[in-house]
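Report on one structure; see the data block that follows.
The values are calculated or read from the model by the stated rules, or taken from the named source; none is laboratory data. None of these values were measured; they are calculated from a predicted model. Backbone-built Cβ (ideal geometry, glycine too); neighbour counts: all protein chains shown. Side chains included, ligands, DNA and RNA excluded: accessible areas come from the protein's heavy atoms. Shrake-Rupley method; radii C 1.70, N 1.55, O 1.52, S 1.80 Å.
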Amino acid sequence: MRRVVVTGLGAVTPIGLNTDDFWDAIKKNTVGIDTITSFDSSEYKAHLAAEVKGFNAADCMDFKASRRMEKFSQYAVAAAFEALKDSGLNIENEDAYMAGVSVGSGIGSLSAMENSHKKLLEKGPSRINPLLVPMMITNMAAGNVSIQLGLKGKSINVVTACATGTESAVTPIGIGGFAALTALSESTDPLKASLPFDKNRNGFVMGEGAGVVVLEELEHALKRNAHIYAEVAGYGCTSDAYHITSPMEDGSAAAHAMELAMKEAGLAPEDID
């Protein structure tokens, strides 16, 4: 089997706009959850979110290109640039058709849809932005990363809902929709809002940002003396086939995914710390 390693990291988050700041903030127990600032949430059931603050797309990519992207794509491109730089890979010296992109977004740009729908109702269809669709659709995070970094292999968008790689959906319809589903925490205390394993948990908190890693074939990484963070030794995936939002209460499907990952990696449970 060909072995796969992690050689680059990139992140845009509510507690740090790069991986170093993000990790430092984690070690300091920094909380990125706060009162929503992107719109007035006073009439909503949920009032907290983890928003990215202080991000300027022009700091890390071509200004004109950034104007043709919504935030979720900007975050993905920024994180991808950082990850590629961190890996030390120079695509000009590689076969670009062997470098692909898999960066997912669960929702794409709700903001673009909201603003365009308002313009449609107020001013008619002729005033809709010609770039609405390429700015809105979820696969444009991967597409823009491919274009900006010159990666010519496969470009795919894998949607895994709230666990997808890049997102910016803290908008009126985003918060309103998830709140109507009774999925969001209604806590007003940022320190008591995201409590997934607590008996007093009452929902999740919407967040935004992007995380990107460079995955590279081991021998290729060793040949160029790359820094290796970790190895992807095994993978397992299952579905609960149970409920649209709730996991199975006994956790059996999640456990089976872990067992599949260990089997592929050739590890026993006691091998994992």
Only one residue in 116, 109 is closer than 18 Å to residue 36 by Cα, modelled with pLDDT of 95 or more and of a type in the set (S, T, N, Q), so which one is that?
109
Taking the range 121-138 only, how many residues are surrounded by fewer than 12 Cβ atoms within 10 Å (Cβ to Cβ) and closer than 14 Å to residue 68 by Cβ?
1
The one condition residue 141 fails out of (1) within 14 Å of residue 66 (Cα to Cα); (2) of a type in the set (A, V, I, L, M); (3) open to solvent by 80 Å² or more (accessible area, probe 1.4 Å) is (3)
Among the residues of the range 44-101, what is the count of those that are open to solvent by 20 Å² or more (accessible area, probe 1.4 Å), without any contact (Cβ under 8 Å) to a residue 24 or more places away in the chain and aliphatic (A, V, I, L, M)?
1
Scan the range 184-206 for residues that are open to solvent by less than 20 Å² (accessible area, probe 1.4 Å), in a loop (DSSP other than H, G, I, E, B) and not hydroxyl-bearing (Ser, Thr, Tyr) and report the count.
2
Which residue pairs have Cβ atoms under 8 Å apart, sit 6 or more places apart or on different chains, and have a first residue in the range 223-248 that is surrounded by 12 or more Cβ atoms within 10 Å (Cβ to Cβ) and a second that is aromatic (Phe, Trp, Tyr)?
248/242
On the basis of being under 21 Å from the mean Cα position of the chain (by Cα) and not charged (D, E, K, R), does residue 88 make the cut?
no
Right, residue 160: open to solvent by 80 Å² or more (accessible area, probe 1.4 Å) and among the hydroxyl-bearing types (Ser, Thr, Tyr) or not?
no
Is there a residue being closer than 26 Å to residue 135 by Cα and in contact (Cβ under 8 Å) with a residue 24 or more places away in the chain anywhere in the range 20-34?
no
In this structure, is residue 204 in contact (Cβ under 8 Å) with a residue 24 or more places away in the chain, aromatic (Phe, Trp, Tyr) and touching a helix residue (DSSP H, G or I) at 6+ places or on another chain (Cβ under 8 Å)?
yes
From the list 253, 226, pick out the single residue that is out of contact with any His (no Cβ under 7 Å at 6 or more places or on another chain) and in a helix (DSSP H, G or I).
253
With respect to residue 32, is the statement that it is closer than 25 Å to residue 230 by Cβ, open to solvent by 10 Å² or more (accessible area, probe 1.4 Å) and in contact with a Pro (Cβ under 9 Å, 6 or more places away or on another chain) true?
yes
State whether the residues of the range 160-171 include one that is under 25 Å from residue 11 (Cβ atoms), without any contact (Cβ under 8 Å) to a residue 60 or more places away in the chain, assigned to a loop (DSSP other than H, G, I, E, B) and out of contact with any His (no Cβ under 6 Å at 6 or more places or on another chain).
yes
Matching residues, the range 179-226, being within 23 Å of residue 146 (Cα to Cα), touching a strand residue (DSSP E or B) at 6+ places or on another chain (Cβ under 8 Å) and not charged (D, E, K, R)
209, 210, 211, 212, 213, 214, 215, 218, 221, 226
